[in-house]
């Protein structure tokens, strides 16, 4: 017969197994199958499973089906209060730690598949990496979790750690054999992800582990470009110190400096210039960093570039200058900065359109006035006969219209010129433009100055018919009476 001690030992073992089984069952019920973590806001979906609310809402928006059964599923969600209560009890009893590594151990000892993936390819290790649960990651790795298992889009656990700035988890994964230069389906690496999110410490860990600083994604973007685009000055400095190519170009020819200029990141631009960024480098359409800064109204970046010697009158493939772009978008302060740097106010695009024309056409009166002060000509005509009178009429700039009327052919019309701006507007006069644009005061001024209202476009339209088509009833009345 067996001794009492042996029987007691068996009973203890059985009790332990029951305890582990109970924890496993409880945890399995609580764990969101999308995030592989305990839900903060648990809900029950129509498939009867508990999910994190935000995770299942996003899943249903994109997939429209159950993550478990792959069958179509509605969006009705019910609060899972019993799950919230169970989590509170487990936390209060000490069953769970911050990273739930004790539960992970129990699950693994009970035979859980360590590298199992959900429908999106997410593993428990990826979830731990994303959430910064170092101890859980260690438990999973000790149980032979594959550190290089990837989601369906190629994203790995290391990339998830890099995205959220978890350098300790990144170190654990790298020590376990995570491939530092692995690329997702878009060719993006963990270093690029760390750079994009401004995670300097993770970037340092990755670089120390051999991350290729000049690796590029499928569209040619490097980690330095990501850092520049998102304004992460310190990460940019770290990458440059590690040998990042400051003048590398993506597939469309853009550089890190152009990205910084486009987004208005003055400090990053300074770091890049100090590192030798080519200030007048052009992308495939001939745009420079200064043009990108001007386009989006980034006055301080424009100043930095000009002080560093940027060519103020450079033109892109279409003849556009930084001043023309600033004027078109109505960026008065940038226009002033460029004019002070001797930008030519009469430089024209390839089609003959000038900064003043575009400022007027788009209704940017203050920019137009500054251009006039700087010597912009009112007599300029584009290659298809688009005039300042027409531009002022479209934009409704009556002050400018008053100035240009005495020196203009009031009934001049746009001529057909394939490839030029306004090429589809052959026959349009200033009056026709004003009527179509709904510029009542300009219509009145033009009619009073003798503009012919019976003129027809190449397609047989008149000022009256275009005003009627556009719903400008007051202008229709003007054209019918004056």
* Given the residues 229, 281, 267, 234, which is the only one that is under 30 Å from residue 178 (Cα atoms), touching a helix residue (DSSP H, G or I) at 6+ places or on another chain (Cβ under 9 Å), surrounded by fewer than 19 Cβ atoms within 10 Å (Cβ to Cβ) and not assigned by the TED database to the domain that holds residue 322? -> 234
* To do: Report the residue count in region 30-56 for those that are in contact with a strand residue (DSSP E or B) (Cβ under 9 Å, 6 or more places away or on another chain) and part of a helix (DSSP H, G or I).
  => 3
* **Out of 427, 460, 396, 438, sole residue that is surrounded by fewer than 23 Cβ atoms within 10 Å (Cβ to Cβ), within 37 Å of the chain's Cα centre (by Cα) and without any contact (Cβ under 8 Å) to a residue 40 or more places away in the chain** => 438
* Asked: From 337, 312, which residue is in a helix (DSSP H, G or I) and within 29 Å of the chain's Cα centre (by Cα)?
  -> 337
* Out of curiosity, is residue 161 under 25 Å from residue 231 (Cβ atoms) and in contact (Cβ under 8 Å) with a residue 40 or more places away in the chain? -> yes
* To do: Would you point out which residue out of 446, 431, 378 is modelled with pLDDT of 95 or more, in contact with a helix residue (DSSP H, G or I) (Cβ under 6 Å, 6 or more places away or on another chain) and part of a loop (DSSP other than H, G, I, E, B)?
  => 378
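The values are calculated or read from the model by the stated rules, or taken from the named source; none is laboratory data. Bear in mind that the values here come from a model prediction, so they are computed numbers and not experimental data. Counting neighbours? That spans all protein chains shown, and the Cβs are built from the backbone with ideal geometry, glycine included.
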